[in-house]
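Inspection log for the structure reproduced underneath, given as C-alpha cells.
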Amino acid sequence: MLTASGCGGTGRELAQFFDVTRLGAFVTRSITMAPRAGRPTPRMAETPSGLLNAVGLQGPGVEAFLTQELPWLAERGARTVVSIGGGTVAEYTALARRLADAPGVTAVEVNLSCPNIEDRGRVFARDGSSAAEVVASVRAATRYDVPVIAKLASDVADIVAVARSCVDGGADALAMINTPVGMSVDVDSMRPALAAGTGGLSGPAIRPIAVRCVWQVHAALPGVPIIGMGGVTSGRDALEFVLAGACAVAVGSALFHDPYACPRIQRELEELLTERGFDRLADAVGLAHHPPGSGPRGRTDLEESSL
Amino acid sequence: MLTASGCGGTGRELAQFFDVTRLGAFVTRSITMAPRAGRPTPRMAETPSGLLNAVGLQGPGVEAFLTQELPWLAERGARTVVSIGGGTVAEYTALARRLADAPGVTAVEVNLSCPNIEDRGRVFARDGSSAAEVVASVRAATRYDVPVIAKLASDVADIVAVARSCVDGGADALAMINTPVGMSVDVDSMRPALAAGTGGLSGPAIRPIAVRCVWQVHAALPGVPIIGMGGVTSGRDALEFVLAGACAVAVGSALFHDPYACPRIQRELEELLTERGFDRLADAVGLAHHPPGSGPRGRTDLEESSL
Amino acid sequence: MAASPVQVTGTVLTTRRVDAYHALTVVAPGVADRTRPGHFVGVAVGGPSTSMLTRRAFAIHDVKPDYGGTVELVFTVRGPGTAWLADLRARDTLDLVGPLGRPFPLPRDPCTCVLVGGEYGSASLFALADALQQRGCRIDFVLGAPSADRVFGALRARRMGETTTLTTEDGSIGMRGKVTDVLPGVIADTRADVVYACGPMAMLQGVTAVAVEFDIPVQVAVEEAMACGIGVCMTCVLPVIGDDGVTRMVRACTDGPVFRGERVRFEDVGTIPFDALGAPGGRHV
Amino acid sequence: MAASPVQVTGTVLTTRRVDAYHALTVVAPGVADRTRPGHFVGVAVGGPSTSMLTRRAFAIHDVKPDYGGTVELVFTVRGPGTAWLADLRARDTLDLVGPLGRPFPLPRDPCTCVLVGGEYGSASLFALADALQQRGCRIDFVLGAPSADRVFGALRARRMGETTTLTTEDGSIGMRGKVTDVLPGVIADTRADVVYACGPMAMLQGVTAVAVEFDIPVQVAVEEAMACGIGVCMTCVLPVIGDDGVTRMVRACTDGPVFRGERVRFEDVGTIPFDALGAPGGRHV
Ligand SMILES: Cc1cc2nc3c(=O)[nH]c(=O)nc-3n(C[C@H](O)[C@H](O)[C@H](O)COP(=O)(O)OP(=O)(O)OC[C@H]3O[C@@H](n4cnc5c(N)ncnc54)[C@H](O)[C@@H]3O)c2cc1C
Ligand SMILES: Cc1cc2nc3c(=O)[nH]c(=O)nc-3n(C[C@H](O)[C@H](O)[C@H](O)COP(=O)(O)OP(=O)(O)OC[C@H]3O[C@@H](n4cnc5c(N)ncnc54)[C@H](O)[C@@H]3O)c2cc1C
Ligand SMILES: Cc1cc2nc3c(=O)[nH]c(=O)nc-3n(C[C@H](O)[C@H](O)[C@H](O)COP(=O)(O)O)c2cc1C
Ligand SMILES: Cc1cc2nc3c(=O)[nH]c(=O)nc-3n(C[C@H](O)[C@H](O)[C@H](O)COP(=O)(O)O)c2cc1C
Ligand code: FES
Ligand code: FES
C-alpha cells in the first residue's frame, strides 16, 4: 500500500494518524527544481464520486525538500518514493541527479503529466517518445539500485504504446493512472469552478478507467511491475487493481476522507486475499486475465472498443 | 434536449412516459448494415456514479430499421437523428446512402467509436484522419439539407485535433462525448464484471471529462455547433454543458433512472435560464468562456494540463 | 404488453423482517392499480446524492387497496442497494417506476397449476395463485431454498395451495434437496396442466426440463441484471427462440420477465448462440 | 500545532433549528476532549454509498462533558452536503475527524477583547469567550448578518459579553449596516486590546482594516474550500506574510484557520501574488 503522489503531504501530517514506516512506501508530491506557489484558488471542486484539483505542483523546490522533508522521512526509516516533475528533459535529469546521492530514496517516480515547455506545452505522458526520453535520462542519472517508475496518464489514445515506450526507455515499473483532465462549470457564477479552468479528476469516478489501463498494460507487458491507482477507497477496490495486474496499489483522494485509509485498506486487502485462499499477494496479481475454468463466460475476448 | 444514442430504445419505450415529438430530437441507437446480436451478458456493471456497458450495437440492421422503426417515428412527426456505425469507411457510406432517401431523417450522426477493421481494430474516433475520411464520405452520400454530426470520444490525447479533422472533413456539428473505455473486475468471481471485459463508461462520473472536451473544442472552434453529453441528469448539469459551449444537450444513462428525464431536464434548464435573465438558450452558449467582469479570478488562463 | 408504467414517489408504510428477508410496504397508488401477477418495479436506491445510478428490480409481492393502493416488495440484502433499502423506516419515501414487464399469462379455462418458487422467487406467486383461483384453478405449491429461513411464504402457500411441498438443500425444513427432485412427483400426483416458476436461473432450467418431460406448458419468470427495466438499454438480454424458430437476444425486462420455459435457451444464457439472429458469423450477417 | 486529531463515528444526540441554522450535537469523546476554541471538525456526509467524497468543515460550537464528551455544530444549508446533515435525526451516526486546525491564541494577561462574528461565524466565539473570561478578560461582542434570523447567538452574547452590538444589513435587528460600521465605536468605547473575528472573508478583511487603524492585534478565523482539512491536499491555500516578510501560499486548514489578520493578504486571496514564494516569474523561480 502506497500513498499517491500529492495526496500525502510531507508525511508529517499523516504521521499524526498512523505509522508511515508501515506503508509499502510513502510517495512524495512531485518535487520541482524551484519552489512553486502553484495555482490560484479555488483549486478544488467536488464532482460525482470524484474530485477535480488544480494545485499546480505547489512545493518548496528540491533544495528545501532535501533539507526539510526527506530527512524527516529517512530518519524514521520510511520507504520513500520521490516523485519528480519538470518542464524539460533537462529539468527532470537535473532533479534525478540532485536526488542521486540523497540518502533515503527508495525509488524515483517520474510524473509525466507535466507540460513540455519545448513542445508547446504538450504533456509528456501523451507522447510516447518524449515520455521515453525523460525516462531514459532519469534512468541514466539515477543510481543503478534505485528503481525508476514512470507515471502515466489515461488521456491518450493508446496507453499500451506509451507504456511500452517508457519501458523501452528504461522504466523499471509503471504507475497509473494520473488524473484525467476534467472541468466543472459553476452554474451560479457561470464561470469554471476552478481558477485554473481545467483540473485533474481523481476518486472512484475514474476507477473503471484506471482498472482498464492496468488491465491493458498488464496484458501487453506482463513482466512489468505496475502500481495501480485511481479511486481506491477499500480493500475490494485494491483487489480489483491487483486482479487486473497491479503488484502494488496507491491511495490518493481517499486519504482526504479517511486519514487512516492506507492501513485500513491494507488490512482489508489482506483479509480478502486470505478468504480467497491466497498466501501471497503475488499469487493474485493479474489473475482476472486467467480464468480458472474455461466455460463460454470465461472467454477473454477483450476488444478495446466500448462497442 | 436530445436522447443520447443507444439510450432511448426505438422511441416506443419512452413514448409510454412522454411525447417523443417534444424532444429536440430523438437520436437512434447506432444502426448497422446487418442485424447484430451484440455482446454476451453481463453487459452492464454499475460503478461509482457511473455505468459500464458493453451492448455491442445490438440492433436489427438498417433494413429492419427503415421498415419497422423509422416509420413509427416519422409518422408521429418526431425529429429523428439517425446514428450510424460501421467497421469500414465503405460501410458508413453505404449506410448514409441507404438513409438518403428515407423520409423523416433530421440528421445523421456518425458514431466514430467503432473499431476500424482495416486498421487493426483501431477506433475511428482515435485517429483524426480516418475519422475525417468517414465523415467526408458520409457527408458526400447524404442530402445537402441533412446535417452530418460527428460523434467523438474522449479517449484521445488531443480532442481538439480530432474535432478539427472532422470539421475539415465536412461535419456540420459535433457530438461529444461517447463513453470512455473502462473496466471493472468482480472481486468475488475474480473475473471482469462484463462478459466483454471492457465497456463504455457513462453517467455523472464522466461529466467533468465531457465538459472539459466541450470547453476545449468550443474554445478552438467557436463557430461549430456542439451537442454536449455525458452524465447529464438535471437542468444544472445541462446548463454546465451550455455554458461550456454546447448549443444542445443529450441525455443518456439518466433515462435508465428516470424515464421522464428529457422533459424534466428541459423544464429545469428553462427555469435556470430565466432566473439568470436569458431570453434564449443561444445567449448562454459558451458564456463561461467570457467572464462578465475582469477581476483576477476572472482570468481565463486555461492550460490544458492538470498541474 | 405491460400496463403503461408510471413513476411515483411513495411513502413507506411498514417495514418488517420475514426470516432471511425484508418486506417493505409502500404507498404507490398509480403502480398498485395497474399491477398484475408477475409485474415488477424499478426502485431508486441511495437517496439524493447517491453514487448508485441504476434502479433495482423487485417483484411485486402483494398489492393492497389501503391508502389508495400499496405494493409490497420482499428482498434479501445482496449489495449496497438492497442494504440501503433494508435501512428504510416507516415514513421515508421511495421512488418507484412500475408496473414493469409482462405479467404471467393466465389460462382461459380452469385447470391444475403447480407454482414453483425458489427463495424470494415465491414472492410473485401468491398474487398469481389468487388470480388463478379466481378462475377456478387448482393450485399446488413447491417451494425451495438452501435453508429453512430462506424459504419464503411457506405458511401462506399452505393456506392457499391444495398441497404444498417444501425442499431445502440442508434439510432444515421439508425434503432435503431441490424443487426439481420433488416436482415430477407433484406433477404426477396432481395431474398438473401447467407449471409456473420463479426463482434462480438454474432452478428455472431444471423446472423447464421437468415440464418438458411431462409435456405440459411452463411459464418462467427470469432474473437478469437490468440497467433500465423499461426496455431502452439492451443490457438484460437472453437468447429466446421465437415463434418463427429463430433465436433472438430479447430483453428480460420488456419482452419478459415471463417466458415460456422451453423457449429460453438456458444453456446459452451469457453467450450469443452462433445461430442467433445477428450473431457474429451467424444468421443474416 | 493542533492537538492530534482522531476519527470517531459518533451518535447524534440532538438536532434543533436555531433561526436560519441547524444545530447538531454529536457524542464524540475523543474529539471533545481535545477541542480548544477555534478548532473545527471534518464531517463525512451522504452515507455509505454517497457520491460526495470530501468531508465538510464545521467550526466546533460547543463542547460538553455529557456521555463522555459531545460537540455541537451549527450550520446553514448551502448544498447537498449540508442538506444531508440537516436531515439527520437523533440516534443516527456521524463520522467526524477532529479537532482540526490551530485554535485561537489566548493572551497571557487579562485584557479587553472584542469578538466579532458574521453569520454562523459567531458559533466559534462562545467557547473562546469562555476561555478568555477564565483568564480574566473583558469580552464585548459585535455580531452581524444580512438579516435577524441569520445572526447567530445574540442571546448568549448578551449573557456573556459586557456589551453586545448587533448589525443587520436589512436593519431587522440591531443597527442597519455591517459590523465594520460599528466596530470602531466599540473598540474606542471599550479601549479594546485585541480583536477576534470569524465570518465571511470580506468581513474579516474589513475587521482587520479597523484593527490596524487602531493599531491593535486582530486574530481572524478564515474559511476556504477544503478537500482534506488535515494538511495533505494543498487546496485550501491563501497568501499570508510570514515572520520573515515573505508571502507564502499557506494552508487554511493546518497553518490556520486562525491567522493574524494583518498577515493575510485579503486583496490577493484567489490569486498567486507575484511576490509570493514560488510565484510564476516571482521569488526564487
Ligand atoms: C425482474 C426482477 C425481479 C427481482 N425481484 C427480486 C425480489 O423480489 N427480491 C429480491 O431480493 N431480489 C429481486 N431481484 C434481484 C434484485 O434486483 C437484486 O438483488 C438487486 O438489484 C441487487 O442490488 P444491490 O445493490 O443490493 O446489489 P449489487 O450486486 O451491488 O447490484 C449492483 C448492480 O447489479 C444489478 N444486479 C445485481 N444482481 C442482480 C440481479 N440478480 N438481478 C438484477 N439486477 C442485478 C443491480 O441492479 C445493480 O445495478 C429481482 C431482479 C429482477 C431482474
Ligand atoms: C474551517 C471552516 C469552518 C466552517 N464552519 C462552518 C460552520 O460552523 N457552519 C457552517 O454552516 N459552515 C461552516 N463552514 C462552511 C462549510 O464547510 C460549507 O458550508 C460546507 O462545506 C458546504 O457543503 P455543501 O455540500 O452543503 O455545499 P457545496 O457548495 O455543494 O459543497 C461542495 C464542496 O465545496 C466545499 N465548500 C463549499 N463551500 C465551502 C466553504 N465556504 N468552506 C469550505 N468548503 C466549502 C465543500 O466542502 C465541498 O467539498 C466552514 C468552513 C471551513 C473551511
Ligand atoms: C490534490 C491532488 C494532488 C496531486 N498531486 C500530484 C502530484 O504532485 N504528482 C503526481 O504525479 N500526481 C498527483 N496527483 C495524482 C495522484 O497521485 C493520483 O494519481 C490520482 O489522484 C488518482 O488516484 P486517487 O483517485 O486515489 O486520488 C494528485 C492528486 C490530487 C487529488
Ligand atoms: C447502454 C448504452 C448504449 C449506448 N449505445 C450507443 C450507441 O449505439 N451509439 C453511440 O454513439 N453511443 C452509444 N452510447 C453512448 C451514449 O450515447 C452517450 O454518448 C454516453 O452514454 C454518455 O452520455 P450519458 O452519460 O448521459 O449516458 C451508449 C451508452 C449506453 C449507456
Ligand atoms: S433493463 Fe434496459 S432493456 Fe432491459
Ligand atoms: S484542506 Fe487539504 S491541505 Fe488544507
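Values for this structure:
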read-out: Set of aspartates and glutamates near A:K151 by C-alpha distance (under 16 Å), chain-local residues within fewer than 8 positions excluded; value: A:E109, A:D127, A:E133, A:D168, A:D172
read-out: Calculated FRET value between D:E162 and D:A83, using beta carbons and R₀ = 45 Å, to 0.05; value: 0.75
read-out: Cβ charges +1 (Lys, Arg) and -1 (Asp, Glu), total dipole of region C:184-285, debye; value: 260 debye
read-out: Of all accessible heavy-atom area on chain D, the percent that carbon and sulfur account for (1.4 Å); value: 49 percent
read-out: Axis-nearest residue in chain C [Cβ, rotation onto D], distance in whole Å; value: C:S51, 2
read-out: Full-extension gain in nm, D:S4 to D:D244, via 0.36 nm per residue minus C-alpha separation; value: 83.6 nm
read-out: Long-range HN-HN contacts of A:T47 with modeled amide H, under 5 Å; value: A:L52
read-out: Solvent-accessible area buried by pairing C with A, both sides, nearest 100 square angstrom, 1.4 angstrom probe; value: 200 Å²
read-out: Nonlocal amide H pairs with D:V237, under 5 Å, H built at 1.01 Å; value: D:A252
read-out: Simple label model, 7 Å out from Cα along Cβ direction - A:R267 to C:R260, nm; value: 5.8 nm
read-out: Efficiency of FRET between C:A148 and B:D279 - r from beta-carbon atoms, R0 60 angstrom, step 0.05; value: 0.35
read-out: For region A:221-297 and region B:110-130, distance of Cα centres in Å; value: 33 Å
read-out: DSSP bridge orientation in region B:108-228 - percent antiparallel, rounded to nearest 5; value: 40 percent
read-out: Calculated from backbone phi, Karplus (6.51, -1.76, 1.60) coupling profile of region A:63-77 in Hz, x at Gly/Pro; value: 5, 4, 4, 6, 8, 10, 10, 4, x, 4, 5, 5, 4, 7, x
read-out: Average accessible surface area per residue within region A:168-280, 1.4 Å rolling probe, Å²; value: 27 Å²
read-out: Vicinal HN-Hα couplings computed from phi for region A:97-109 (Karplus, 6.51 cos²θ - 1.76 cosθ + 1.60; Hz; Gly/Pro x); value: 4, 5, 7, 4, 10, 7, x, x, 9, 6, 7, 10, 9
read-out: Gaussian network model of chain B, springs between alpha carbon atoms under 10 Å - residue of B:A136, B:A195, B:A107 with greatest fluctuation; value: B:A195
read-out: Modelled FRET efficiency - R0 45 Å, C:K64 with A:I117, Cβ distances, 0.05 increments; value: 0.05
read-out: Residues of region B:195-211 buried by at least 50 Å² on assembly (accessible area, 1.4 Å probe, chain alone as reference); value: B:T198, B:P208, B:I209
read-out: Surface per residue (accessible, 1.4 Å probe) for chain D, Å²; value: 40 Å²
read-out: Nearby lysines by direct alpha-carbon distance to C:K64 (threshold 30 angstrom, same-chain neighbours under 8 apart not counted); value: none
read-out: Counting DSSP beta bridges with both ends in the protein assembly as shown, the antiparallel % (nearest 5); value: 50 percent
read-out: Solvent-accessible area, 1.4 Å probe, carbon plus sulfur percent, for chain A; value: 52 percent
read-out: Relative contact order of region A:19-130, defined on C-alpha pairs under 8 angstrom at six or more residues apart (%); value: 26 percent
read-out: Delta accessible area of at least 10 Å² on complex formation, residues of region D:258-273, 1.4 Å probe, chain isolated as reference; value: D:V269, D:G270, D:T271, D:I272
read-out: Mean ellipticity per residue at 222 nm, deg cm²/dmol - from DSSP H runs of n ≥ 4 across the protein assembly as shown, formula -39500 (n - 2.57); value: -7000 deg cm²/dmol
read-out: Chain pair B, A: total accessible area buried, heavy atoms, 1.4 Å probe, Å²; value: 5900 Å²
read-out: Label-point separation in nm, A:D188 to A:D101, each point 7 Å along Cα→Cβ; value: 5.6 nm
read-out: In Hz, Karplus ³J(HN,Hα) per residue of region D:109-124 (6.51, -1.76, 1.60; θ = phi - 60°; x = Gly, Pro); value: 10, x, 7, 9, 10, 9, 10, 10, x, x, 6, 6, x, 5, 3, 7
read-out: Residues whose placed amide H lies under 5 Å from that of B:S30, excluding near-sequence neighbours; value: B:G6
read-out: Cβ-vector label at 7 Å, A:P291, separations to other copies in nm; value: 5.6
read-out: At least 30 Å² of accessible area lost relative to the chain alone, listed for region A:52-81 with a 1.4 Å probe; value: A:V55, A:Q58
read-out: Exam field: C:L155 pseudo-label spacings to other copies (7 Å along Cα-Cβ), nanometres; value: 5.1
read-out: Distances in nm from C:T93 to the matching label points in the other copies, shortest first (labels 7 Å along Cα to Cβ); value: 2.8
read-out: For chain B: relative contact order, % (alpha-carbon pairs under 8 angstrom, 6 or more apart); value: 16 percent
read-out: Cβ-based charge dipole, chain B, positive-most Cα from B:Y260, B:F17, B:H218; value: B:F17
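The values are calculated or read from the model by the stated rules, or taken from the named source; none is laboratory data. Everything numeric here is computed off the predicted structure, so don't read it as measured data. Cβ: placed from backbone, ideal geometry, glycine included. Neighbour counts: every protein chain shown. Calculation scope for accessible area: heavy atoms of the full protein, side chains included, ligands and nucleic acids excluded. Shrake-Rupley method; radii C 1.70, N 1.55, O 1.52, S 1.80 Å.
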